[in-house]
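Read through the structure below, which is laid out as structure tokens, and then see the notes.
Bear in mind these aren't lab numbers, they're just calculated from the coordinates by the rules spelled out. Since we're looking at a predicted model, the values are computed, not measured. Please note: Cβ atoms are built from the backbone with ideal geometry, for glycine as well, and neighbour counts cover all protein chains shown.
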Amino acid sequence: MNLRRVPALVVALALASCDGSRPAASQSPAAAAERAAERDRMVREQLEARDVRDPRVREAMRRVPRHRFVPAAQAAAAYEDRPLPIGHDQTISQPYIVGLMSQLAHVRPGHRVLEIGTGSGYQAAVLAELGAEVYTIEIVAPLGERARAVLAELGYDRVHVRVGDGYAGWPEHHPFDAILLTAAPPQIPRPLLEQLRVGGHLVAPVGAPSGVQELVVVTRTDEGLSRRRVIPVRFVPMTGRAQTE
């Protein structure tokens, strides 16, 4: 593992349940300016200093108020270089992994993007800031409902949240220009691969939760599917049908 790129084994636990906490309250102008400075520092130290080079991704992450996607008790640590608990021993992914996955997906304005594992809603917000129409599915109902409420409150009307098992994707809106999985299946579900547009990229952690997991990128070409490994990671398992197929 390249320790400069991954200072610790990346823990990106996104399929989490909610503890019922509300987003942080509205900020004063001074507090808002302080949060903006924290986001800028996060981007400079956690993304630019590593390998997240896409300026569009970095700018998107400067705009998304990450502190609004964590429980109020965790808001002060929202921009630190680590995952944070969002209830029931689960976490929101560290900023680096969100930036890296967004970069690997090659999202452009007008793209249609599918996310499996809404979690806190933060990754979906970043994708929306990149100009995508985002379709995101969360299997844990309270978590999905909370993410929907936060995204709506913040004005992300291009993010569509569905509660349910993401194994079969969202066939009504395929093909997708990019697909991101934020929980690890033992193998990538075939329906998700089939919903990827030619030229599109699927970014996913793959592997057993107690064993080796790798972040992989699958690209659909006219000839078929190509796959490359990126970095070792540790995600929560993708639950539901992905564990029985």
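3J(HN,Hα) along the stretch 123-136: 4, 4, 5, 4, 4, 5, 5, 7, x, 8, 8, 10, 10, 10 Hz, from the Karplus curve 6.51 cos²θ - 1.76 cosθ + 1.60 with θ = phi - 60°, whole Hz, x for Gly and Pro.
So what's the back-of-envelope 222 nm ellipticity for the chain, counting only DSSP H runs of four-plus at -39500 (n - 2.57) apiece and dividing by all residues, rounded to 500? Helix contribution divided over all residues of the chain: -7000 deg cm²/dmol.
For the chain, the longest principal axis of the C-alpha atoms and the axis of helix 141-153 are separated by about 60°.
Less than 5 angstrom separates the built amide H of VAL233 from those of GLN213, GLU214, LEU215, all sequence-distant by 5 or more or on a different chain. Across the chain, the mean sequence separation of Cα contacts (distance under 8 Å, 6 or more residues apart), normalised by length, yields a relative contact order of 19 percent.
Residues whose amide H comes within less than 5 Å of that of ILE92, counting only those at least five positions distant or on another chain, are LEU84, ILE86 (H built at 1.01 Å from N in the peptide plane). Residues whose amide H falls under 5 Å from that of HIS160, counting only those 5 or more places apart or on a different chain, are VAL134, TYR135, THR136, with hydrogens built in the peptide plane. Think of the chain as a dipole: +1 on every Lys or Arg Cβ, -1 on every Asp or Glu Cβ, centred on the Cα centre; then among LEU84, LEU104, VAL198, LEU104 lies furthest on the positive end.
When the chain is described by a simple charge dipole with +1 on each Lys and Arg Cβ and -1 on each Asp and Glu Cβ, the residue from MET61, ALA208, GLY119 located farthest towards its positive end is MET61. Summing +1 for each Lys or Arg and -1 for each Asp or Glu among the other residues whose beta-carbon sits under 10 angstrom from that of GLY199 gives 0.
If only the Cβ of Lys and Arg carry +1 and only the Cβ of Asp and Glu carry -1, the dipole of the stretch 77-204 around its Cα centre is close to 240 debye. Our summary gives the stretch 93-201 a relative contact order of 30 percent, counting only alpha carbon pairs under 8 angstrom and 6 or more residues apart. Under a model in which nothing but the beta-carbon of Lys, Arg (+1) and Asp, Glu (-1) is charged, the chain shows a dipole of about 440 debye around its Cα centre. Taking the Cα centre of the stretch 185-245 as reference, the dipole from Cβ charges on Lys and Arg (+1) and Asp and Glu (-1) amounts to some 120 debye. Within the set [x] -0.80; [y] -0.93; [z] -0.72, the number that log10 I(q)/I(0) by the Debye sum over Cα atoms at q = 0.13 Å⁻¹ takes when calculated for this structure is listed as [z].
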